[in-house]
Amino acid sequence: MKKLYFVMALLIVASMVLTACGASAPTEADCTKAEVFCVGLVTDVGKVNDKSFNQSAWEGVQKSQADGVADVIQFIETSDAKDYAKNITTFADAGYDVIVTVGFGLGEATAAAAKASPNIKFIGVDQFQEWPYTADTADDIANMTGLNFPEDNAGFLVGALAAMMSQSHVIGAVCGTDVVPPVWRFGEGYKAGAAYADKLNGTTTEVQVVYHSDVGFDKTFTDPEWGAQTAKAMMDNGADAIFGCGGLTGNGAITAAAQAGKYAIGVDADQYLTLPEAAPMMLSSAMKLITPGVAELAAAAKAGTIEGGNYIGDAGYAPYHDLESKVPADVKTAMEKLNAALLDGSVMTGVSPTKP
């Protein structure tokens, strides 16, 4: 009998421990509770592990949880642009406190959802907000914050680097559609940076930039085969450095370049860390610091200090990694000076915010 009581006591204690553990780990079902802070992310067309844009944003949401800001995090991958609104609404109906949407294409759907759900904070990555600069207050969306970056600066930096490192004086960029302003700024910044380096060094570099604007929005960033083919055509024309600018499409281009023994240049994140097949020839990456930007805005949303309008994140270029010894000291010095000049405004890219 004593054994039976002992076993029962153990079961009761175990039950209490399990109950306590469950209470300390909020689930998605708890998102309607004021004390549970939930952050959801809706990707652009593509996967959350695209090793580029979507992944960087998701890592920002994950960082918000690691930092103790978010209690519950979740993502929804968009396979078709027509599902943008539905995917956003899924999080809104579940009571999420913050909804992060990734990419220019989700701008309209995000703005509509923000108007419909004024108590939820919306963070739109690469979604520039026009309403703070217009006199018509009817379009104001106080709970909507666009996380934007000076992509032309990042493109300018890697364009200058490519021009200074090129032996053939022919370089290329394979990009997604130029209908998306950030993509266009990357590509045009790349051209402008190469021209700046030529002016400094008395060289002439041919810059080939191709935008994948010949397909629908659901294909432009998810076409690595086209990216690889386009990069190969550029290399056949003498290009010895390829900038991949546009999700999986760009990844296909820089992987093809690396496999051909040419310089590869990534985009958005430091792709040396996310694209191992291209890492040995990864010269640098044009970086938008998306991960810290998303995490910072999520923290501000929880603290109640987030502001509607636009938040400008940081941009720059990634380390040379395996190619560190291949980059001459004078090139490294020139890049450091150029980065500082872009930051203090003494050098301007000359690239307009949107395609003329």
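Below are the figures for this structure:
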{"read-out": "Breaking point among (1) of a type in the set (D, E, K, R); (2) at pLDDT 95 or above; (3) surrounded by fewer than 18 Cβ atoms within 10 Å (Cβ to Cβ), for residue 296", "value": "(3)"}
{"read-out": "Residue match in region 154-161 (condition: open to solvent by less than 10 Å² (accessible area, probe 1.4 Å) and farther than 30 Å from residue 238 by Cβ)", "value": "no"}
{"read-out": "Region 231-274 - residue that is closer than 26 Å to residue 150 by Cβ and polar (S, T, N, Q) and, of those, most open to solvent (accessible area, probe 1.4 Å)", "value": "274"}
{"read-out": "Residue check, residue 318 among the small types (Gly, Ala, Ser) and open to solvent by 60 Å² or more (accessible area, probe 1.4 Å)", "value": "no"}
{"read-out": "Filtered residues of region 323-356 (kept if outside any loop (DSSP other than H, G, I, E, B), open to solvent by 90 Å² or more (accessible area, probe 1.4 Å) and of a type outside the set (A, V, I, L, M))", "value": "325, 326, 330, 336, 337, 344"}
{"read-out": "Extreme residue, farthest from residue 166 (Cα to Cα), among residues of region 228-264 that are part of a loop (DSSP other than H, G, I, E, B) and either touching a Lys or Arg at 6+ places or on another chain (Cβ under 6 Å) or modelled with pLDDT under 95 (or both)", "value": "246"}
{"read-out": "Count of region 178-194 residues which are open to solvent by 60 Å² or more (accessible area, probe 1.4 Å) and either among the aliphatic types (A, V, I, L, M) or free of Cβ contacts under 8 Å to residues at least 12 places away in the same chain (or both)", "value": "1"}
{"read-out": "Top-ranked residue in region 118-150 [being among the polar types (S, T, N, Q) and open to solvent by 30 Å² or more (accessible area, probe 1.4 Å); ranked as modelled with the lowest pLDDT]", "value": "137"}
{"read-out": "Some residue of region 275-284 being assigned to a strand (DSSP E or B), touching a residue at least 60 places away in the same chain (Cβ under 8 Å), under 25 Å from residue 339 (Cβ atoms) and open to solvent by less than 10 Å² (accessible area, probe 1.4 Å)", "value": "yes"}
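So that you can scan it fast, the table gives a plain yes or no per residue for (1) farther than 19 Å from residue 354 by Cα; (2) of a type in the set (Lys, Arg); (3) touching a strand residue (DSSP E or B) at 6+ places or on another chain (Cβ under 9 Å):
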{"site": "139", "(1), (2), (3)": "yes, no, no"}
{"site": "144", "(1), (2), (3)": "yes, no, yes"}
{"site": "149", "(1), (2), (3)": "no, no, yes"}
{"site": "156", "(1), (2), (3)": "no, no, yes"}
{"site": "166", "(1), (2), (3)": "yes, no, yes"}
{"site": "175", "(1), (2), (3)": "no, no, yes"}
{"site": "178", "(1), (2), (3)": "no, no, yes"}
{"site": "183", "(1), (2), (3)": "no, no, yes"}
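The values are calculated or read from the model by the stated rules, or taken from the named source; none is laboratory data. Note that this is a predicted model, so its numbers are computed, not measured. Ideal geometry is used to build each Cβ from the backbone, glycine not excepted, and the neighbour counts take in all protein chains shown. Protein only, heavy atoms only, side chains kept; ligands, DNA and RNA dropped before computing areas. Shrake-Rupley method; radii C 1.70, N 1.55, O 1.52, S 1.80 Å.
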